[in-house]
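Provided herewith is a single structure, encoded as structure tokens, for subsequent inquiry.
The values are calculated or read from the model by the stated rules, or taken from the named source; none is laboratory data. Quick caveat, the model's predicted, so the values are computed rather than measured. So basically every Cβ, Gly included, is an ideal-geometry build from the backbone, and we count neighbours across all protein chains shown.
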Amino acid sequence: MPLYEIVNPSDPYTIECPDNETAFVACLLLGNGQYMFKILEGDQRKALDIPMFVFGGADAWVQENFSEALDSVVSRVMTTRAVTMAEVFDSVLIGRQRGRVEFLRDAPTDRAEFVAARARRHDQFRTSMNDIGGRAYSLADYVVSKNKLPADTLRAPQQVFGGQ
């Protein structure tokens with residue numbers, strides 16, 4: 001799955017997005033146009049960097065890349081692909097390195113254990129008052145509750161993290 005750096009003026013974060021549409025919507029919702037997503041891993045012929053839209057241009061960029069209106073892309077992705085979007089927001093990790101935590105390495109892992117480990121990492125490395133990770137996790141919870149998805153919709157990822 002493509003891995004992106006969330007380019008922002010605060011702490012470094014990464015996010016996994018399965019495709020360009022989910023990357024665009026996540027970038028737009030997390031940063032309100034003030035962040036960009038830079039592809040770090042994945043097929044760079046298919047995966048797009050998502051630019052900043054702080055000065056506008058999102059409508060034209062969406063039309064050029066998805067041949068659709070901005071509102072229809074956001075609406076469609078957030079409703080028809082709600083589980084995927086919740087997983088995308090849930091994949092945000094502070095730091096650029098996404099290794100493995102020893103005790104979580106061999107999934108299946110208990111979700112509560114994963115969330116606790118992620119929270120410890122987040123608390124350890126976050127230096128900014130701009131809590132991008134916290135906002136992402138809240139967005140994941142919101143998508144799950146808004147779409148009345150089962151509580152176990154979000155599962156611990158098969159690849160988990162360690163170190164920064």
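Can you name the number of the only condition in (1) in a helix (DSSP H, G or I); (2) without any contact (Cβ under 8 Å) to a residue 40 or more places away in the chain; (3) under 12 Å from the mean Cα position of the chain (by Cα) that Leu29 fails?
(2)
Moving to a separate point now. Select, from Leu104, Leu70, Leu154, the only residue that is at pLDDT 90 or above and surrounded by 14 or more Cβ atoms within 10 Å (Cβ to Cβ).
Step by step, each of Leu104, Leu70, Leu154 is checked, and only Leu70 is at pLDDT 90 or above and surrounded by 14 or more Cβ atoms within 10 Å (Cβ to Cβ).
Which numbered condition trips up Thr109, out of (1) at pLDDT 80 or above; (2) closer than 23 Å to Pro18 by Cβ; (3) β-branched (Val, Ile, Thr)?
The number of the failed condition is (1).
Specify the residue that is surrounded by the fewest Cβ atoms within 10 Å (Cβ to Cβ); the eligible residues are those in the stretch 25-46 that are in contact with a Leu (Cβ under 9 Å, 6 or more places away or on another chain) and hydrophobic (A, V, I, L, M, F, W, C).
Checked the stretch 25-46; the qualifying residue surrounded by the fewest Cβ atoms within 10 Å (Cβ to Cβ) is Leu40.
Looking at Phe55, Phe24, can you tell me which residue is under 21 Å from Gly133 (Cβ atoms) and aromatic (Phe, Trp, Tyr)?
Phe24
Which of the residues that make up the stretch 32-51 are modelled with pLDDT of 90 or more, part of a loop (DSSP other than H, G, I, E, B) and in contact with a strand residue (DSSP E or B) (Cβ under 7 Å, 6 or more places away or on another chain)?
Within the stretch 32-51, Tyr35, Asp49, Pro51 meet the criteria.
Additional query: Can you work out which of the residues in the stretch 1-21 that are hydroxyl-bearing (Ser, Thr, Tyr) and either in a loop (DSSP other than H, G, I, E, B) or touching a Lys or Arg at 6+ places or on another chain (Cβ under 7 Å) (or both) is surrounded by the most Cβ atoms within 10 Å (Cβ to Cβ)?
By that ranking, first place goes to Tyr4.
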